[in-house]
Structures are given as structure tokens and as C-alpha cells.
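Trainee: Handing you this structure, nothing more for now.
The values are calculated or read from the model by the stated rules, or taken from the named source; none is laboratory data. Predicted model, so just to flag it, every value in this text is computed and none were measured. Every residue, glycine among them, receives a Cβ derived from its backbone with ideal geometry; neighbour counts consider all protein chains shown.
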Amino acid sequence: MSEYRISRSTPESRGGVAFFAALTLVLFTLPWWDGDGSLRTPLVIVLLYVALAQMWNLLAGFAGLISIGQQMFVGIGTYGLLTFAEEWGIDPYLSVPLCGLVAALVSIPVAFFNFRLVAGYFAIGTWVSAEVIRLLVNDSGSLKGGEVRSLTRESLGGYAKETRDNVTYWLALALAVGATAIVVFVLRSRVGLALRSVRDNETGARGLGVDVTRTKALIWVIAAFWTGCVGAVLLLNAPSATSTSAFSVLSWTALVIFMVVIGGNGSTTGPILGVLVFWFLDEQLADQDTWRFIILGGLAAVMAIVAPKGLYGLLQQWKPLQFFPVRRRLIGPGVDE
Amino acid sequence: MIWVNAIVQGVLLGGLFALFATGLSLAFGVMRFVNLAHGDLAILGAYFGVTTSDALGVNPLLSLFIVVPAMAALGYVLQRYAFNYAIGDDPLPSILVTFGLGIVIQNALLERYSADSQGLDAGSIETSSIELTDDIAIGTFPLIILGVAILVLGGLGLFLARTRMGRAFRATSDDPITARLMGINDRNIYGVVMAIAFATVALAGVFLGIRQTFGPSDGPALLLIGFEAVVIGGLGSLWGTLLGGVIIGIAQTVGNQLDVEFGFLNGPLLGHIIFLVVLLVRPNGLLGRRSR
């Protein structure tokens, strides 16, 4: 019997998980104590950005799939919800996972085309794919992407406004917490181990029997599903949508990339940090859209060179803390902590 | 006849696209560098042309003598002091740096020049044309652009094949470490590559500004067109880039004609579809090397 064992948890990760669990619980109860919704309203968008950031991080930080086409899945989610709830009369909240499913289905042929492209060209390839879907939605007679569309009261199922706002908020919370949980669980699984072996040495990983393309495709489809769900909830939260707003590369991909890069790409905590930085900047720069983009874009570009692991990476250099139990460590006599 | 005309105009437009895509093709060929700000740099060049020709009161074509060298210098400096630190086995830093730069350029232009579209006025050359038949006329200026594109691509090909520096480009592209051992300063080579890329994209940007109106957020659409031209032609092949540019040019004009005649498809969409089909049947492009 060996006295060595493998452990993933650390004292601070136990604390980290407890903290995030408590935070989730507090956020869950928010509708009961935030009477006027002054905290709820901005939090919906913040939570949805956490979900988008975690998914982009899963793709780029762990699977090496640098996508500039995430707006495609957001847009599909938005127009999916318009179709399911508005045209077909399905309950809007039950439609949300259906929208994710459509996004996941579309992501398969998209992967089929773009997985042929290497690195930077994959990034632009996903962008082209998103443009194709946007143009198709824009020209489609039934989806009417060129017009301003919104969910009418009937298709919202006759729920009271207060109930609707709360359910939308809870969905956003579930998507944010769920996205973080997906990243943690994927990383703890065999797939996560395969992903990191591919990231560190693709040839070596192949030699050890990792099916690289299948592993990447699995992550791609998961991220598409979740991003599609986010797109649907974005419409529940917004009064209306056009194909330009629903498929916006700036709102749903560029900003998300900047958040992840500033917070820390390839970690679980980093994207959350990035969204908080964004939220803070956003409060300071209200109504100055161009300056917001100049500052965030410039900051991300500079950080990519001087601190590729973002704020979380800088924190790690100072004190290596692991808030989520995802890394395997050997514990036993003679092994340094 | 309208279809023949659409194809002729498409070939001419393709010259502009090819000229625009040259820098993208070269940077990828020599240093596997994908510049996501390439479209925004063309627009920056066009605005630079506006400011220069306004300030000096000269024809925008003359402003090229200032815009092109200035952009080349900017390219060299950016590569030496920023992009070089992002180059490596991991493609993420270079993508982030150029994507961030592109967004900064778009919004800085928006802040400085507003969202209104602008145009460059080059005088009578813009309207003069050669009539082939009653229905088909070739614009003098688009023809000049196509000629310049062929000259630039051909000249670059000769430069790569015949000169000492061109040989250093190719050596660095094949194996940067060995090239360094042979006394080649690869950091400098990369700087020169980016200077050439910025010079050609500025040229394309000013030409574009004379041909049509433009706005601060037109860069990404251009980037996608250039990228499609490079991939259709084949990565690393300069003549392939010309062919790819012409194919995308024809797709734009024919697609727009289809939209006008039958209300179905449009230029950008047809371009994207042709790109996807080529990607499916010939992943290495029409003139690309077979192996990767």
C-alpha cells in the first residue's frame, strides 16, 4: 500500500468552493431582499457575461480553439427563442435549452469546416461562419432579421412582470454558475486531462492515444450549447433584437475576449475577475462607448504581451492560490507542498 | 450582357482585394502571423489619406508619397517593439494583440472622424473609362489598381526569389532557428515583412477610399474578404492571393447582381459560400502547397 496519493483539493480551494457556494446562495435569494431590483438589473448582464467568458475561456484557454465567432451562437439563441416562443407558442423558459440545442446542432457543421484551418485562420474562419449565419438570418423571410423584433406579451406566457424579471435573473445566475461548474468538471474529468495534454504537447498526446479532434469537437459543441442558452436569456432580458445586435461581434465576442484576457485566460477564476474589472470600468465610462472599447482593447493587447495569464496570473506569481480544485497534486512523504 | 459586365467589374474589384490581401499573405507566409487588424489598417490608411490631402491641399494620389512610407515605418516599429513579443508556438498572443489593436483603431477613428462615411476625391481619373462595347466599360482607375496589384505581387515575388533579403525571408520562413545561426536577424526580417505589409495595405486603403466611400467600422468586413482571398488562393502563394482576390471580387459583383435581378444571395454571402466550398474541396487552396 503506497503512502502517496493524488489530491485535487487544497485548503484555499476548500475555502474557495465554500465561498462561491455561499455567494451563489446569497445571489439566489437576491429577489427577496433587493426590493426595487436596483441590483438585479445590472447583475443579469454581468452574470450572462460570466457565462460567455467561461465558455470562451474553455475553448481558447483549454481546448486551443480561439473563436471569434461566438456571436453566431448568441444570435442563434436569440432567433431560436423568437421562433420557439413567438412563432410556435412554446413556453419561453422551456425554450431556452431548446435554443442551446439548436446552437449545438449548428456548431457541428461549423466545426467540420473550420477545424481544417490552423490557429489564427481558425479564428477568422469562425468569424466568417458567424457572418454567413447572420446574413442568412438577415435575409430570411421567416426570421425577419432585418427588422426590430421582440417577444410579445402572449408569447411570454402571461407571467407577471415581477415573476418574469426574477426568472430571467435566476436563469442568468444558473448559466453563470453552470458555466463555471462545467469548466471545473470538464477539467477534473478524463477529457480535461486529455485537453491539457494536447495543450502542452499535441504530438505526445496523440501518441498516448488521445483523439485530439474528437476531444476538441466535444468542447466546441458544449460551448455552443451554453452560449446559445445565453443568447436566449439575453433576449428575455432585452426589449428587442435585430440581426445586427444579436450577431454583434463586438458585444458578444470582442468584449468577452477582453474580459477573459484581462482576468486570466486558462484559469477558472480569471474570467470572473475579468468580468468584474469590466463591470467596474463600465460604471466609470457610462455612455462613452468608444472610450470603453479603446481602453479594454488596448489593455487586452498590452496584457497579452506583458502578462499573458492576466490578473489571475499576476496573483499566482505573488501567491499561488487555487480557488477551484482542478489541479492534481501528489501528496506523500518527501513531496514539497 | 449584364453578367459579362458583372464578371469584368469583379475582376477589376479583385485587383483591389488582392492588393489589400498581399500583406496578410506575406505575413502568414514568412512568420505564420495572422494580423486581425489588417482591415482596420486599410481604413486607417484611407483616413490618413484624407487628412494628408486636406492638410496639403493635394490630390489623394499624391498623398500616397507620405501615407505609404509613414505606414511602413509604423509597421516596422509595431512589429519590432510589440508583435515580435507575441510571436511563438502559441497563436493566442498574436491574435489578441492584433484583435485588440483593430478595435482600438476602429474606435479611435470613430472618436476622431465620427461615424459618417467619407470619400477621397482624386479628380477626373475617377470617372474616366474605356468603352469596350455599348454595355461594358472599364474604369480607368480600377484598371490602374489591378495593374498596381499585379506589379506589387510580381515585384514581391521577384524580391523573394532573386534578392539576398528575399532569400533571408524564405530561410526564416522555413526554419527561423537555423536562419538565425546563419547570421540572419529574424527580428529585423519580421519588422521588414510588416513594413511591406503596412505599405501595401495603406496603398490598398487609399485606392479603396478613392473608389468608394468608407467608414471607421468597415475594417472587419475587409479583413474577412482578404482572409478569404488568401485561403482560396492557397496559404503562402502570392499568385494564389491574386487569383483568390479576383474570385472574391467576381463573387461580390455577381452576388450583388443576383440580388438585384432575383432578390436572392448578395455579394458578401456569395463570397463566403465560395470560400466554404473551396475549403471543403481543396483545404490547401487552389495554388497552395499540398502538404502542411
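Trainee: Taking the options A:104, A:119, A:111, name whichever one is at the interface with chain B (Cβ under 10 Å from one of its Cβ atoms), surrounded by fewer than 24 Cβ atoms within 10 Å (Cβ to Cβ) and touching a residue at least 40 places away in the same chain (Cβ under 8 Å). So that I can check it myself, show each step before the final result.
Mentor: Numbers: A:104 fails: at the interface with chain B (Cβ under 10 Å from one of its Cβ atoms); A:111 fails: at the interface with chain B (Cβ under 10 Å from one of its Cβ atoms).
None of the other options fit; the residue is A:119.
Trainee: Condition check: in contact with a helix residue (DSSP H, G or I) (Cβ under 9 Å, 6 or more places away or on another chain), without any contact (Cβ under 8 Å) to a residue 40 or more places away in the chain, assigned to a helix (DSSP H, G or I) and not small (Gly, Ala, Ser). Does residue B:85 satisfy that? Don't jump to the end; show me each part of the working.
Mentor: Details: in contact with a helix residue (DSSP H, G or I) (Cβ under 9 Å, 6 or more places away or on another chain): yes; without any contact (Cβ under 8 Å) to a residue 40 or more places away in the chain: yes; assigned to a helix (DSSP H, G or I): yes; not small (Gly, Ala, Ser): yes.
So residue B:85 fits the description; yes.
Trainee: What pairs come up if the first residue lies in the stretch A:6-19 and is at negative phi, the second is part of a helix (DSSP H, G or I), and their beta carbons are under 7 Å apart, counting only those six or more places apart or on different chains?
Mentor: From residues that are at negative phi, the pairs are A:8/A:188.
Trainee: Sticking with this structure for a sec: Residues being within 14 Å of chain A (Cβ to nearest Cβ) and assigned to a helix (DSSP H, G or I): count how many of those fall in the stretch B:261-292.
Mentor: So the answer is 16.
Trainee: Hey, another quick one. Quick check on this structure: which one of B:275, B:262 is at pLDDT below 95 and in contact with a helix residue (DSSP H, G or I) (Cβ under 8 Å, 6 or more places away or on another chain)?
Mentor: Numbers: B:262 fails: in contact with a helix residue (DSSP H, G or I) (Cβ under 8 Å, 6 or more places away or on another chain).
Just a single option satisfies the conditions, and that option is B:275.
Trainee: From the list A:83, A:24, A:41, A:78, pick out the single residue that is part of a helix (DSSP H, G or I) and touching a strand residue (DSSP E or B) at 6+ places or on another chain (Cβ under 6 Å).
Mentor: Details: A:83 fails: touching a strand residue (DSSP E or B) at 6+ places or on another chain (Cβ under 6 Å); A:24 fails: touching a strand residue (DSSP E or B) at 6+ places or on another chain (Cβ under 6 Å); A:41 fails: touching a strand residue (DSSP E or B) at 6+ places or on another chain (Cβ under 6 Å).
So the residue among A:83, A:24, A:41, A:78 that is part of a helix (DSSP H, G or I) and touching a strand residue (DSSP E or B) at 6+ places or on another chain (Cβ under 6 Å) is A:78.
Trainee: Considering each residue of the stretch A:192-250, count those that are of a type in the set (Ser, Thr, Tyr), within 16 Å of the chain's Cα centre (by Cα) and in a helix (DSSP H, G or I), and give that number.
Mentor: Of the residues in the stretch A:192-250, 1 are of a type in the set (Ser, Thr, Tyr), within 16 Å of the chain's Cα centre (by Cα) and in a helix (DSSP H, G or I).
Trainee: Does residue B:76 satisfy the condition of being buried (at least 22 other Cβ atoms within 10 Å of the Cβ), over 22 Å from residue B:288 (Cβ atoms), among the hydroxyl-bearing types (Ser, Thr, Tyr) and modelled with pLDDT of 95 or more? Walk me through how you get there before you give the answer.
Mentor: Numbers: buried (at least 22 other Cβ atoms within 10 Å of the Cβ): no; over 22 Å from residue B:288 (Cβ atoms): yes; among the hydroxyl-bearing types (Ser, Thr, Tyr): yes; modelled with pLDDT of 95 or more: yes.
Criteria not met by residue B:76.
Trainee: Assuming residue A:124 fulfils every condition listed in (1) surrounded by fewer than 21 Cβ atoms within 10 Å (Cβ to Cβ); (2) within 14 Å of chain B (Cβ to nearest Cβ) apart from one, which condition is it?
Mentor: (1)
Trainee: Sticking with this one: For the stretch A:218-235, state whether one or more residues are away from chain B (no Cβ under 12 Å), touching a strand residue (DSSP E or B) at 6+ places or on another chain (Cβ under 7 Å) and either at negative phi or in contact (Cβ under 8 Å) with a residue 12 or more places away in the chain (or both).
Mentor: So in the stretch A:218-235, the residues away from chain B (no Cβ under 12 Å) come out as A:218-235.
After this cut, where a residue has to be touching a strand residue (DSSP E or B) at 6+ places or on another chain (Cβ under 7 Å) as well, the list is A:235.
Now narrow it down to the ones that are either at negative phi or in contact (Cβ under 8 Å) with a residue 12 or more places away in the chain (or both): A:235.
Yes - at least one qualifying residue is present in the stretch A:218-235.
Trainee: Give the stretch B:104-131 a look and list any residue that's within 14 Å of another protein chain (Cβ to nearest Cβ), within 20 Å of the chain's Cα centre (by Cα) and touching a residue at least 24 places away in the same chain (Cβ under 8 Å), or say none.
Mentor: Matches in the stretch B:104-131: B:105, B:106, B:109.
Trainee: Please tell me if residue A:260 is in a helix (DSSP H, G or I), under 25 Å from residue A:124 (Cβ atoms) and of a type in the set (Val, Ile, Thr).
Mentor: Details: in a helix (DSSP H, G or I): yes; under 25 Å from residue A:124 (Cβ atoms): yes; of a type in the set (Val, Ile, Thr): yes.
Yes, satisfied.
Trainee: Separate question: Identify the residue in the stretch B:230-242 that is more than 11 Å from residue B:278 (Cβ to Cβ) and of a type outside the set (Gly, Ala, Ser) and, among all such residues, is surrounded by the fewest Cβ atoms within 10 Å (Cβ to Cβ).
Mentor: Selected residue: B:239.
Trainee: Being under 20 Å from residue A:223 (Cα atoms), crowded, with 24+ Cβ neighbours inside 10 Å and within 14 Å of chain B (Cβ to nearest Cβ) narrows it down to one residue among A:275, A:256; which is it? Working first, answer last.
Mentor: Values: A:275 fails: within 14 Å of chain B (Cβ to nearest Cβ).
Just a single option satisfies the conditions, and that option is A:256.
Trainee: Okay, moving on. Those residues that are among the polar types (S, T, N, Q) and surrounded by fewer than 13 Cβ atoms within 10 Å (Cβ to Cβ), I need them from the stretch A:138-149; list them, please. Reasoning before the result, please.
Mentor: The initial filter retains those residues of the stretch A:138-149 that are among the polar types (S, T, N, Q), namely A:138, A:140, A:142.
The one that is among the polar types (S, T, N, Q) and surrounded by fewer than 13 Cβ atoms within 10 Å (Cβ to Cβ): A:142.
Trainee: Here is a further query. Residue A:317 versus (1) more than 12 Å from chain B (Cβ to nearest Cβ); (2) under 17 Å from residue A:255 (Cα atoms): which is the lone unmet condition?
Mentor: (2)
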